[in-house]
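These notes are about the structure you will find just below.
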Amino acid sequence: MAEIDPWGSLQIEDYTKLFEEFGISPFKELLPHIKNPHRYMRRGIIFGHRSYEEVVSAMKNKRPFSAMSGFMPSGHAHLGHKMVLDELIWHQEQGASIFLGIADREAHAVRNIPWKECHKIAVDEYITSAIALGLKTEKSHIYFQSKSNSVKDLAFELGCRVNLSELSAIYGFTGETSISHMLSAITQSADILHPQLSEHGGPQPVIIPVGADQDPHIRLTRGLASKMRMFTIEIREERSGKRYISVRGKTAPKEALQEVAERTERELQTRTRLFEGHVDIQTLEMERVIEITREIELAHNGYAFIPPAATYHRFMSGLQGGKMSSSTPESLISLTEPPEDAAKKVKQAKTGGRVSLKEQQRDGGDPERCMIYELHLFHLTEDDRELQEIYRACKNGKLICGQCKRKTAEKIQEFLKEHQKKMEEARDELEEYNIKK
């Protein structure tokens, strides 16, 4: 598979290749451990993850965790963006603190959108939609990259740990890529890591819901989280075959390593050996060693970042097939477009129906190739049994495409009318965050 371009229009044909080529783990293995999973999880729309086990553990044990996503204000918010907002809101319901970043630096650097227009699009399209969909502002941090000193300062620090060669390998940057474009990539890593700053409670699991095309950002940020740590912790083996934990001080002062030796020996009741630059600990209690070193790192003004977790969801198809794209208005449904226009698009969408009514009744339809069924799968039908009924009725020829389109058009029109009404109500909340047009 070619490299993944987060600013391009890559269409993923075979998601299983991502497990092999990029180290993404299958999500279905975690499903039995999640209470009341979101429909995207139940239906396999969320197909993969990185380190989501830590988030599952935090939810189960009522420990602090956060969910974060950024939105580039470059056009209308549509159903593809709604997917990410739905995932943020679900995590908020499970106890997460929410960080919703407006990537205006990225929009300005990559799309050349003026700052004022970035602000207007963000407010009119994304922030009000998030609140209308159910985001609780009192439990959320809504911010603009350009106005967050914490994010900008952290981006500067992260920039000290990454070079042009690494960015080029991850993103395919060339000599023609602007410095601001590169900086926007580092700023996104700061977005992802800043929920773990002391002002937000310190190190904690952070989940980033993304499409597979955004994995380069996740890989870069996970690498930077590790680079920012004072210590490297690994299991080693003596010649005799006995295994132990070695803690190496990458940037840690000598007194910090001394504290690691003393605390692990005292608290784990084990033998330690302090060398120049590292401590060997005769234990395999990795979690406890990580916890101790994290506390020591924070005491010595380190970050002690936990590499961020990510969930990966399938792309929604465009209404005419292929990928949904903002550059092709007929392929998508915007959250702010007139409901009657959206209904017309649904009636003209590609289906998995047969050429004639007779063939449809005889052979049945193909819901896996139907954009109308996909609207129900992703957005319009919450109840799994109702979705299965639609699927079976299509398969056995009892559901006719025209009839299905009419009902679906009515549902999308009803959803948008209600959503846009809630958007108007949501504008009243924006004053509390000093978010104005």
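The values are calculated or read from the model by the stated rules, or taken from the named source; none is laboratory data. Please read these numbers as outputs of a predicted model, since none were measured by experiment. With ideal geometry, Cβ positions are generated from the backbone for all residues, glycine too; neighbour counts draw on all protein chains shown.
Brief remarks on what is shown
- Residue pairs whose Cβ atoms lie under 7 Å apart, separated by 6 or more positions or on different chains, with the first residue in the range 145-165 and over 11 Å from Ala190 (Cα atoms) and the second part of a loop (DSSP other than H, G, I, E, B), are Arg161/Met228.
- A single entry from Ala77, Ala109 fulfils the requirement of being surrounded by 18 or more Cβ atoms within 10 Å (Cβ to Cβ) and in contact with a His (Cβ under 6 Å, 6 or more places away or on another chain): Ala109.
- Criterion (in the same structural domain as Leu79 (by TED's automatic domain parsing), assigned to a helix (DSSP H, G or I) and within 26 Å of Met230 (Cα to Cα)) met by exactly one of Ile131, Ile186, Ile121: Ile186
- The C-beta contact set for the range 190-218 (first residue at pLDDT 95 or above, second residue of a type in the set (Asp, Glu), distance under 8 angstrom, 6+ apart or interchain) comprises Pro205/Glu54; Pro209/Glu87.
- Restricting Glu359, Glu382, Glu386, Glu337 to those that are more than 12 Å from Thr408 (Cβ to Cβ), assigned to a loop (DSSP other than H, G, I, E, B) and more than 24 Å from the chain's Cα centre (by Cα) reduces the list to Glu337.
- Just so you know, in the range 345-356 the residues that are in contact (Cβ under 8 Å) with a residue 24 or more places away in the chain and either hydroxyl-bearing (Ser, Thr, Tyr) or within 14 Å of Lys411 (Cβ to Cβ) (or both) include one that is surrounded by the fewest Cβ atoms within 10 Å (Cβ to Cβ), and it is Lys347.
- Matching residues, the range 66-99, being part of a strand (DSSP E or B) and in contact with a helix residue (DSSP H, G or I) (Cβ under 6 Å, 6 or more places away or on another chain): Ser66, Ala67, Met68, Ser69, Gly70, Phe71, Ile98, Phe99
- Of all residues in the range 251-269, those that are touching a helix residue (DSSP H, G or I) at 6+ places or on another chain (Cβ under 8 Å) and at pLDDT below 95 total 1.
- Within the range 140-176, the residues that satisfy the criterion of being assigned to a helix (DSSP H, G or I), surrounded by 18 or more Cβ atoms within 10 Å (Cβ to Cβ) and among the aliphatic types (A, V, I, L, M) are Val151, Leu154, Ala155, Leu158, Leu167, Ile170.
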